[in-house]
Every structure is written in C-alpha cells, then in structure tokens.
Amino acid sequence: MESMRDIKRRIASVKNTQKITRAMKMVAAARLRKAQKMAENARPFFNKTRAILSGVFQSSWDTKDHPLLVERNGNRHLYLVITADRGLCGPYNTKVIDRLEDQLGDKEEVSLLAIGKRGRDYFKRQGYHIISEYIQIADYPDFSFAKKISDEVISLFSEEIIDRVSMIYTHFNSAISQSCRVIPLLPVVSPESGEESTVDYIYEPSPDLVLELLLPHYVNNMVYTTLLESKASEFGSRMTAMDSATDNAGELIDKLTLYYNRARQAAITTEITEIVGGAEALK
C-alpha cells in the first residue's frame, strides 16, 4: 500500500487537475454560446440562398455548361477536412478522421485540404497528399477566411486539377450532441436531385447570369456555414469532455481519500499494537 505522504501528494495533484478542467469547461461554455449563436444565425441565410439557387436551376437552360456544375468522370477527389487546432475535446477530431478513412475508395486519387492542426498532423504522418492547409483557425471564423478557402477550391476545380470536392465536418446539434457529416461541394448538385423551390422568382437580367453570379456565393456560404458549425461542435465537445474529466477527478479524489483514511487507520492501529506490545513486554 502507498504511504500516506504519497496518497496525499496524489490527492493534491488530482485537485489541481480538477481546477484546470473546471476552468476549461467554463471557458468552452462561454465560447460555445457565441459560436452557437453565429452558427444558428447563418443557417437561415444559407437555406434561403439554397432555395433561390434551386429556383434559378429550374429557370435556367444552360446549367450543365457552367464550370461549377460540370460532372467529370475522373477519380481525382479533394476532401475538405475540418478538425480542431487543439485537443482535449473528446472524440471530436477522431470522428472526423475516421469518417474520412471510411469514405476513401480504392480507385480514387485522394487529395486533402486540411483545416485544423490536429487533422493536418495526422494526415501528414499517414502520408496523405495535402494540397493546402489552414491552421490556427480563429474561434469565430469570419466570411473572408471562408472565401479564401472557397476561392482556392473553385480555382482547383475550374482548372480541372481535381474532378470533385467533398467536405467532412461536424454538424452542431446541441451542446452534448454533434454529428460528423460528409457533403458534396463541387460540382454543385442540381435541383433534380435535391430540393425544389416553391417560389416563382423573376430574374434580371436573366436566370443564366444570376446563376453564374450565385454559384460562387453559394459555395462560399457552404464553406462558411460548415466552419461555424464545426467551431460550435468543437466547443460543445470540449465542454462535455472537460465536464466528464472534472467529474472523474472528483471520483478519483473520493477514492484516494478513502485509501488515505485506510492507510491512516492502519498506521494508528500499528502504533497502538506496538504500544500495547511494549507495555506487555515490560511486565
């Protein structure tokens, strides 16, 4: 059995760790509130853009000729993979990495655009081809950052360096529930295989020109929305993980305190036994 000094030192160490995890939980909860609000505010704007795009598709005759709508038969697949820059957020990073590896096909020529340090480091160690990387992401990504990413992706696709693009990110459902999703980004899915608009819009100067202007904005909005969803999910996952770590530290402190009391009682019993034995020896 450990000595009382060793157990007492372990109790002090776990208590210090518990203070850190409790503080990290509070920080994550504070950041989560703002990130969740930003993600929820972006959803109606994105959904409305998608509804308008659906209506333009129905009114346009030349949608198949647009560079962002061309479906190619090649196997060059680019994945935008969004992970965190830091750890201590439960299975958040692992789920995204596992989802990517489950998606990979044997016949695909896979390239990655890594967003987040954790994913970037893992993919480099595994020897994946990383076209570009973005690390040290702000806690609240702005639209200009999302546009930088989407402009690069659109350029790669338009120049036929890649044949299709998909995004793997974590969708924010609630503070304790997040789901890893894979969505196609390019070529943009036509309305025939997606939702249809119920509003009959009048387009000026023409549906084709509106479509040409709208498609890049649609891709920008999709990247921006997934970044916000991912950040909210990261903070929610970290808050939950630190809450569990704090509870586990409390349980460990209780166990160590019990061991300490047992060791203390054993030491007292030994001292009493030695005193009684010494007294008997003097008789």
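Observations on the structure shown:
- The chain: most fluctuating residue of 223, 81, 189 per GNM, C-alpha cutoff 10 Å: 189
- Taking the C-alpha atoms only, the angle from helix 117-126 to the longest principal axis of the chain is near 90 degrees.
- Here the sum of -39500 (n - 2.57) over DSSP H runs of 4 or more residues, divided by the residues of the chain, equals -22000 deg cm²/dmol at 222 nm, to the nearest 500.
- Net charge contributed by nearby residues that have their C-beta within less than 10 Å of residue 130 (K/R +1, D/E -1): +1
- Helix 207-282 and the long axis of the chain differ in direction by around 10°, with both axes built from C-alpha atoms.
- For the chain, the longest principal axis of the alpha carbon atoms and the long axis of helix 92-103 meet at an angle near 50°.
- Label assignment, log10 I(q)/I(0) by the Debye sum over Cα atoms at q = 0.09 Å⁻¹ derived from the structure, set (1) -0.42; (2) -0.56; (3) -0.49: (2)
- For the listed residue pairs 107/148; 124/147; 48/124; 19/124, the alpha carbons are over 32 angstrom apart in 48/124; 19/124.
Readers should treat all values here as calculations from the given coordinates under stated rules, not as data from a laboratory. Model, not experiment: these values are computed from the prediction. Cβ sites come from the backbone with ideal geometry, for glycine too, and all protein chains shown count toward neighbours.
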